[in-house]
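K.L.:
Got a structure here, written out as C-alpha cells. Questions coming.
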Amino acid sequence: MLRECRPVRRQIAVFSRCLAQDFVGGHNGAMPPSDFAHVSAACAAAFLAGAINSVAGGGTLVSFPTLLWLGVASITANATSTVAIWPGSLGSIWGFRRELAQVDPKMRTLAIACLAGGGAGALLLRITPPSLFEHLVPFLVLFATILFTVQAPIQARLRERTSRLSSGIWMPGAAALLFLMAVYGGYFGAGASIMMLSALSILGMTDILKMSALTSFYSLCFNAMAALVFISAGMVYWPYVLPMAIAAIIGGYGAAGVARRIGRGAVRGFVIAVGFTISVVMLVRTF
C-alpha cells in the first residue's frame, strides 16, 4: 500500500514545485536575482512610483514593468509591486493631509467599498492563469489612461446628477462605482490610481489635489486588502519588498509639494503621458 502511494506523492511534489515556479519565478522558472544592482533598480522604480502616485496616480505603471524587466513573473510582479508600493500611500496621505482634511466626510466613508473591492480583486487575480494575465495587462493600462483622458466631457454630463452628496441615490451608486474601481485595483495594481481619479471625476470632483489626496486614501485601503491576500497566498517576492517600500514612502512624501507647485494642468498631462507610453510599450512587448 505504501509503495503504491509513493508515485502519487512524487507527482504531487513535482506539481507543487512547478506551481511555485509559475508564481514566484521569472518567465523561465528561475528565481529573480536579488543582488545590489537589481535591488537598487527596484528601489529607484519604487521611489518614482511613490512620487507619481502622490502627484496624480499611476506610479505602479513604473514599478510593475521594472519588476518584469528584472525577471519577476507577471503575477508575482503585480503582487510584489502592490505590497511594496502600499506604504507609499502613507507618505502621500501625510503630504496631502491638508487637502484630505478638506474633503467631504462622506467621501471618506466610501473607503469601506474600497476595502471590499480590493479583497475581491486580489482573489480574482489568484485564480487567473498567468498567460491570460500577461495578455490582459496592456489593455487594462490603455483603458485606464483613455478613461482619464476623456473624463472632462463625462464629468460635464454627470455633474448635475452626482454633485449632491446628500442624495439617497448618489451614495449607493458612488459606493458601487468605487467598489468596481477597487476590484480593478486589487486585481491589477498598475493604473489603479488613474482609474480611481477618473471615478472621482465622474462623481463630480474637480480639484486635482483633493482628488489625488482621496485617491491615496482609497489606494491605501484597497491595496491593504489585496496585500493581505497576496501575502497569505505566497504570491510575493520578498527580497524586493522592504527596500521598495522604504523608497516608495520617501518618494510619496517628497512629491506632494511638487504637485502644488507645478499646477493642475501639468499634473493631468503627466499622468496621461505616462499611461499612454507604458501601454504602448506593453502592447509592443506582448504582441
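K.L.:
Looking for something over 24 Å from Thr149 (Cβ atoms), under 14 Å from the mean Cα position of the chain (by Cα) and touching a residue at least 12 places away in the same chain (Cβ under 8 Å) - is there at least one such residue anywhere in the range 96-118?
P.N.:
yes
K.L.:
If you don't mind, there's one more thing I want to ask. Before we move on, is Arg268 among the basic types (Lys, Arg), closer than 18 Å to Val141 by Cα and modelled with pLDDT under 90?
P.N.:
In short, yes.
K.L.:
Same structure, new question: Taking the conditions exactly as written (among the aromatic types (Phe, Trp, Tyr), at pLDDT 65 or above and either assigned to a helix (DSSP H, G or I) or surrounded by fewer than 24 Cβ atoms within 10 Å (Cβ to Cβ) (or both)), does Phe15 satisfy them or not?
P.N.:
No: the conditions fail for Phe15.
K.L.:
While we're looking at this one, here's another question. Out of (1) small (Gly, Ala, Ser); (2) in a loop (DSSP other than H, G, I, E, B); (3) in contact with a Cys (Cβ under 8 Å, 6 or more places away or on another chain), what's the single condition that is false for Ser34?
P.N.:
Answer for Ser34: the failing condition is (3).
K.L.:
From the list Ala101, Ala111, Ala84, pick out the single residue that is under 18 Å from Ser232 (Cα atoms), of a type outside the set (Asp, Glu) and at pLDDT 80 or above. Don't jump to the end; show me each part of the working.
P.N.:
Numbers: Ala101 fails: under 18 Å from Ser232 (Cα atoms); Ala111 fails: under 18 Å from Ser232 (Cα atoms).
Exactly one of Ala101, Ala111, Ala84 is under 18 Å from Ser232 (Cα atoms), of a type outside the set (Asp, Glu) and at pLDDT 80 or above, namely Ala84.
K.L.:
What is the one condition in (1) assigned to a helix (DSSP H, G or I); (2) modelled with pLDDT of 90 or more that Phe64 does not satisfy?
P.N.:
If we test Phe64 against (1) assigned to a helix (DSSP H, G or I); (2) modelled with pLDDT of 90 or more, just (2) comes out false.
The values are calculated or read from the model by the stated rules, or taken from the named source; none is laboratory data. Small disclaimer: the values here were computed from a predicted structure and weren't measured. Quick reminder, even Gly has a Cβ in these numbers, built from the backbone with ideal geometry, and neighbours come from all protein chains shown.
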